[in-house]
1. Please state which one of SER98, SER126, SER112 is of a type in the set (S, T, N, Q) and either in contact with a helix residue (DSSP H, G or I) (Cβ under 7 Å, 6 or more places away or on another chain) or touching a residue at least 40 places away in the same chain (Cβ under 8 Å) (or both).
2. Among the residues of region 87-101 satisfying the criterion of being of a type in the set (Gly, Ala, Ser) and assigned to a helix (DSSP H, G or I), which is nearest to the chain's Cα centre (by Cα)?
3. For ALA38, state whether it is at pLDDT 95 or above, open to solvent by 30 Å² or more (accessible area, probe 1.4 Å) and more than 15 Å from the chain's Cα centre (by Cα).
4. Restricting the first residue to region 61-82 and requiring it to be in a strand (DSSP E or B), which pairs with a second residue that is acidic (Asp, Glu) meet a Cβ separation below 9 Å and a spacing of at least six or different chains?
5. Kindly indicate the residue of region 126-185 that is surrounded by 13 or more Cβ atoms within 10 Å (Cβ to Cβ) and aromatic (Phe, Trp, Tyr) and also modelled with the highest pLDDT among those meeting that condition.
6. Within the set of pairs 6 or more residues apart or between chains, which connect a residue that is outside any helix (DSSP H, G or I) inside region 144-161 to a residue that is open to solvent by less than 70 Å² (accessible area, probe 1.4 Å) with Cβ atoms less than 9 Å apart?
7. Would you pick out the residues in region 45-68 that are in contact with a strand residue (DSSP E or B) (Cβ under 7 Å, 6 or more places away or on another chain) and open to solvent by 30 Å² or more (accessible area, probe 1.4 Å)?
8. If I go through region 102-126 residue by residue, how many of them are assigned to a loop (DSSP other than H, G, I, E, B) and either closer than 25 Å to MET141 by Cβ or β-branched (Val, Ile, Thr) (or both)?
Amino acid sequence: MYSVETISRKDVCSAYLAGIIDGEGCIHARFAAIGPTARNRNTLRIAVSVYNTHPALIRRVTECLITLDVPFTVVAGQRANERPGASVNVEGKGRVYSLLQTLLPYFTAKKSQAELVLKLIEYRESLATRAYGIKGRFEGMNLQDDATIRSYLEQISAEKRNYANVLDFPRKPNHVFGESSTTLRSPSDERVEAMLKAFAAES
């Protein structure tokens, strides 16, 4: 009797969120004043957000984040000439780092952005560790003058803009679109494929 390995609820939520963020989300990394009374723009803001006008999609995003134990906020908003929508926001380096690490195997369009943001967070924390022996402490540091941080921000910004035009590729019906037929596979795909092969060999 074979025991078939099932895909966990967290796997399903991770794959869903990665797909939604690929298409409807944004990975933010920039210097910004945080809060209405902030006087300088030396705060490195890193966040992940999903904006949509359909309440069912927003609900599903929040359900998945709760399943993954990632704290979030929901903010109402409206873009020009659109219905009112809502933005689900995950903010804070630790929360974003945890979320992006979980979703990384499932990303497609924003995979490079996610990898760069993860490296940026790791580098930023290394500065605090070297200077103070503890993560998250940045008193007296001018992060805006750090060439490595600036380089990461420029690369992330470039990834948002510099990608191929869809019109550059043939658009044949029932053919994989783009340069390659290679697609990202979920971590469970190889396990499932191996089990199917084992079943076939036994039958």
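1. SER112
2. Of all residues in region 87-101, those of a type in the set (Gly, Ala, Ser) come to 87, 92, 94, 98.
Those still in the list that are assigned to a helix (DSSP H, G or I) too: 94, 98.
On the way: GLY94: 13, SER98: 10 Å.
That would be SER98.
3. no
4. Once the first residue is in a strand (DSSP E or B) and sits in region 61-82, its partners that are acidic (Asp, Glu) give THR73/GLU91.
5. In this case the residue turns out to be TYR152.
6. Correct list of pairs: ASP146/TYR123; ASP146/ARG124; ASP146/LEU127.
7. Across region 45-68, the qualifying residues are ARG45, THR53.
8. Pass one, region 102-126, residues assigned to a loop (DSSP other than H, G, I, E, B): 107-110.
Among the residues that remain, those that are also either closer than 25 Å to MET141 by Cβ or β-branched (Val, Ile, Thr) (or both) are: 108.
Residues in region 102-126 being assigned to a loop (DSSP other than H, G, I, E, B) and either closer than 25 Å to MET141 by Cβ or β-branched (Val, Ile, Thr) (or both): 1 in total.
The values are calculated or read from the model by the stated rules, or taken from the named source; none is laboratory data. Everything numeric here is computed off the predicted structure, so don't read it as measured data. Reconstructed Cβ throughout: ideal geometry from the backbone, glycine too, with neighbour counts over all protein chains shown. Protein only, heavy atoms only, side chains kept; ligands, DNA and RNA dropped before computing areas. Shrake-Rupley method; radii C 1.70, N 1.55, O 1.52, S 1.80 Å.
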